Amino acid sequence: MVGGGDPFFQPVSAMDLPRFAGVPTFMRLPHLTPDHDRYGDVQMGLVGVPWDGGTTNRAGARHGPRQLRDYSSMIRAMNAATGVNPFASVNCADLGDVPPNPIDIQDSLNRIAEFYTDLKNNGIVPMTAGGDHLSSLPILRALASDGPVGLIQFDSHTDLFDSYFGGNKFTHGTPFRRAIEEGLVDPKRFVQIGIRGTAYNIEDVEWGIEQGVRIIRIEELLDRGIPDVMREARQILGNQPTYCTYDIDFVDPTYAPGTGTPEIGGPTSFQAQQVIRELAGLNLIGADLVEVSPPFDQGGGTAWLGISLMFELMCVLSQALVARG
């Protein structure tokens, strides 16, 4: 049964405690650990994955969750554009960070998968703040343990490469190739939107198309328009379980410079919101917002955009929870 409205799970209001005061949690929600007596009542869990062990060039996304938490104090409870208040319909809580191993990729992948397996076993839908994009692979290992899921990816890169620098199979450029190979994602229910930038070659794109992935470059998105493209995406994904992964570099670096691999020619911050709102009606089982890298944006605008997009994702996730409830 879907809850919501429980006073315990409501964000702290700035009318009661100024935004600059108090211990920062995601959206000013209660912070719960598995031994808390209300842990079993959580329906949507906000989680940080402070890890960038898969980054191949500009590291720093390990610091993303902490800054996103801090900036989330500015988020209010209602989405004025859609009328959705996720806190009024489902029980949300900050479940803390996955403790990564900063010097061991495989151990970190295992730690992340175990953390999310526990969430899945407790019926908690995860909303994740990364971390680099390799973080999505162990999350999918946990959530897709019963069978492949659909995937919608907002990104400027496919992340479908096979390996890097001498055959390393696990970087932030390879997670979704691994996810398809491991049977975690149904490639015929996999949509990538916003792909652009210079390239070494097009091997990643060709491989994805061969598997059945629908790859929508930025030119097609902007030529056709967001409503039309997202209508096609919803048709491909259908009503079966679907995960959403959102790389902040989907957005033009004018609005989001604080990321590891920025690419010019991307959507505006408003268009970044629009594509999420068009996810309404999908059977979403979780989402992540990754690659916010505070060292590359001292002003913090990237984190503010990132947490705002996380709130938009929470709104569509809460709608999916209510629909299943």
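The values are calculated or read from the model by the stated rules, or taken from the named source; none is laboratory data. It should be emphasised that the depicted structure is a prediction, and the values quoted were computed from it without experimental measurement. Every residue, glycine as well, gets a Cβ built from its backbone with ideal geometry; the counts of neighbours run over all protein chains shown. The area values use the complete protein model at the heavy-atom level, side chains included, leaving out ligands, DNA and RNA. Shrake-Rupley method; radii C 1.70, N 1.55, O 1.52, S 1.80 Å.
For this structure, a couple of remarks:
- The single condition from (1) open to solvent by less than 10 Å² (accessible area, probe 1.4 Å); (2) under 19 Å from the mean Cα position of the chain (by Cα); (3) among the β-branched types (Val, Ile, Thr) that Val229 fails is (2).
- First in the range 248-266 and assigned to a loop (DSSP other than H, G, I, E, B), second anywhere and aromatic (Phe, Trp, Tyr), Cβ under 6 Å, 6 or more apart: Gly258/Phe296
- Residue match in the range 202-210 (condition: open to solvent by less than 30 Å² (accessible area, probe 1.4 Å), at pLDDT 95 or above and either assigned to a loop (DSSP other than H, G, I, E, B) or of a type in the set (S, T, N, Q) (or both)): no
- Candidate set: the range 142-156, residues that are assigned to a loop (DSSP other than H, G, I, E, B) and of a type in the set (Gly, Ala, Ser); chosen: the one surrounded by the most Cβ atoms within 10 Å (Cβ to Cβ): Ser156
- Odd one out for Met15 among (1) open to solvent by 70 Å² or more (accessible area, probe 1.4 Å); (2) in contact (Cβ under 8 Å) with a residue 12 or more places away in the chain; (3) assigned to a loop (DSSP other than H, G, I, E, B): (2)
- Residue match in the range 72-86 (condition: closer than 24 Å to Asn121 by Cα and out of contact with any His (no Cβ under 6 Å at 6 or more places or on another chain)): yes
- Only one entry in Gly167, Gly183 is surrounded by fewer than 24 Cβ atoms within 10 Å (Cβ to Cβ) and at pLDDT 95 or above, namely Gly183.
- Verdict on Ile139 being part of a helix (DSSP H, G or I), open to solvent by less than 10 Å² (accessible area, probe 1.4 Å), farther than 12 Å from Asp247 by Cα and out of contact with any Asp or Glu (no Cβ under 8 Å at 6 or more places or on another chain): no
- Here is the figure for the range 72-107: residues that are part of a loop (DSSP other than H, G, I, E, B), charged (D, E, K, R) and over 22 Å from Trp304 (Cα atoms) total 1.
- Pair list, Cβ < 6 Å and 6+ apart or interchain, from the range 60-84 residues that are surrounded by 15 or more Cβ atoms within 10 Å (Cβ to Cβ) to residues that are among the hydroxyl-bearing types (Ser, Thr, Tyr) and not in a helix (DSSP H, G or I): Gly60/Ser293; Ala61/Ser293
- When the residues of the range 276-316 are filtered to those that are of a type in the set (Asp, Glu) and within 16 Å of the chain's Cα centre (by Cα), the one that is surrounded by the fewest Cβ atoms within 10 Å (Cβ to Cβ) is Glu278.
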